[in-house]
Amino acid sequence: MPALTFDAVSMTFPDGTQALDALDLTLTPGELVTLVGPSGCGKTTALRLAAGLEQPSAGRVIRPGNDAVVSYVFQDPTLLEWRTALRNVELVGELRGRPKAQRRERAREALDAVGLAGFHDRHPRQLSGGMRMRVSLARSLVADPALALFDEPFGALDEITRLDLQTQLQHLVTERGLAGLFITHSVSEAVYLSHRVLVMAPRPGHVVAAVEIPWAHPRPAELRYTAEFAELSGHVSALLRQGMRDVA
Ligand SMILES: Nc1ncnc2c1ncn2[C@@H]1O[C@H](COP(=O)(O)OP(=O)(O)OP(=O)(O)O)[C@@H](O)[C@H]1O
């Protein structure tokens with residue numbers, strides 16, 4: 001059973017803006033697919049459709065069943081400032097009415113898994129941007145999502161933190177077998193993380209190429225410095241440039 005299916009999905013907003021044209025996508029559990037493309041090509045619209053926040057104007061979006069959790073991670077970590085890191089992550093269990101000891105234990109495990117052991121009792125203002133994003137990731141993963149949607153989560157982070165979080169995210173997705181749909185403007189991030197990269201072009205947003213990324217997960221951090229990686233990244237960049245030229 002796919003975790004998410006887009007069947008010829010088109011999206012035209014009430015003001016007449018056509019954001020997506022006939023997008024097809026199938027995401028299976030354990031698979032991470034990334035959307036890359038220039039500003040305005042409909043990436044966020046696709047994520048919002050996947051989240052059920054918008055309804056397509058044509059085609060079908062088939063999402064996980066009612067009981068399945070879909071998590072959404074934004075570029076802004078959106079933490080509650082008056083709660084500690086632990087209590088931010090614990091909120092998910094609270095909202096579900098889980099017993100206190102159980103939800104606290106799960107939150108502790110999730111924070112440790114994203115490299116925040118020792119920071120459970122800090123408030124968001126006492127954490128760096130990278131640490132805040134780790135809390136946000138822990139909060140989304142503690143919900144045990146069947147489908148996780150990531151809207152440029154690492155866009156605002158420094159390079160080292162970003163590379164570190166890419167590696168951690170990839171381990172977490174692999175270990176948990178969840179399906180992930182990821183947006184980024186970084187070609188190397190897309191190639192490193194994904195099983196498949198969908199290259200998009202605008203006016204209206206459409207997929208110009210689907211590139212399969214062959215390496216097994218989890219991938220070593222050093223993969224990013226190999227000639228094969230540079231070659232595949234160059235290929236995706238060329239498709240991106242080509243897509244932009246074709247609509248210019
Ligand atoms: N609610 C809306 N009403 C009208 N037009 C919209 C709405 N949301 C998005 N759009 C338009 O749809 C197109 C796609 O927008 P979207 O935000 O999905 O692009 P994107 O690829 O995510 O861009 P970016 O990389 O800049 O975040 C754009 O032309 C945008 O202006």
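The values are calculated or read from the model by the stated rules, or taken from the named source; none is laboratory data. A quick note: this is a predicted structure, and the numbers were derived from the prediction, not measured. Please note: Cβ atoms are built from the backbone with ideal geometry, for glycine as well, and neighbour counts cover all protein chains shown. For the accessible areas, the whole protein counts, side chains as well, though only heavy atoms, and no ligand, DNA or RNA atoms are used. Shrake-Rupley method; radii C 1.70, N 1.55, O 1.52, S 1.80 Å.
Values computed for the structure shown
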item: Ranked order, Ser128, Ser10 - accessible area, probe 1.4 Å, largest first; result: Ser128, Ser10
item: Solvent exposure ordering (accessible area, 1.4 Å, most first) of Arg48, Arg125; result: Arg125, Arg48
item: Ranked order, Ile183, Ile62 - accessible area, probe 1.4 Å, largest first; result: Ile62, Ile183
item: Most fluctuating residue given options Asp76, Asp121, Asp21, as computed from a GNM of the chain linking Cα atoms under 10 Å; result: Asp121
item: Around Val197: net Lys/Arg minus Asp/Glu count, Cβ-Cβ under 11 Å; result: -1
item: Whole-Hz ³J(HN,Hα) from phi, Karplus 6.51 cos²θ - 1.76 cosθ + 1.60, for the range 114-123, glycine and proline x; result: 9, x, 10, 4, x, 10, 4, 9, 7, 8
item: Relative contact order (percent, whole number), the range 80-144, Cα cutoff 8 Å, 6+ residue spacing; result: 46
item: About the Cα centre, charge dipole magnitude for the chain (Lys/Arg +1, Asp/Glu -1 at Cβ), debye; result: 700
item: Relative contact order for the chain, counting Cα pairs under 8 Å that sit 6 or more residues apart, in percent; result: 27
item: Rounded to 5, the percent of DSSP beta bridges in the range 128-248 classed as antiparallel; result: 55
item: Whole-Å distance, taken between Cα centres, linking the range 168-233 and the range 1-64; result: 18
item: Calculated diffusion of the range 1-159, Stokes-Einstein form, Kirkwood radius summed over Cα pairs, 20 °C and 1.002 mPa s, µm²/s; result: 126
item: Label-to-label distance, nm, for residues given as His235 and Glu159 (7 Å Cα→Cβ offset); result: 2.5
item: Principal axis dimensions, largest first and in whole angstrom, of the range 80-144 by Cα; result: 30, 23, 18
item: Positive-end extreme of charge dipole, the range 62-114 - chosen from Asn88, Ala110, Pro99 (charges on Cβ); result: Pro99
item: The range 66-205 - Rg and Dmax from Cα coordinates, angstrom; result: 15.2, 51
item: Low-density loop positions, chymotrypsin sites (Phe, Trp or Tyr not before Pro), the range 1-107 - DSSP coil, at most 13 other Cβ in 10 Å; result: Trp82
item: Extension gain, Lys100 back to Gln126 (0.36 nm per residue minus Cα-Cα distance, nm); result: 6.9 nm
item: Contour excess over end-to-end distance, with Cα ends at Arg176 and Ala22 and 0.36 nm allotted per residue; result: 52.4 nm
item: With 10 Å bins from 0: P(r) over the range 131-248, alpha-carbon pairs, percent; result: 12, 43, 34, 11, 0
item: Within the accessible area of the range 80-144 (1.4 Å probe), percent carbon and sulfur; result: 49
item: The chain - accessible surface per residue (Å², probe 1.4 Å); result: 46
item: In the range 1-95, GluC sites (Glu not before Pro) in a DSSP loop with at most 15 other beta-carbon atoms within 10 Å; result: Glu81
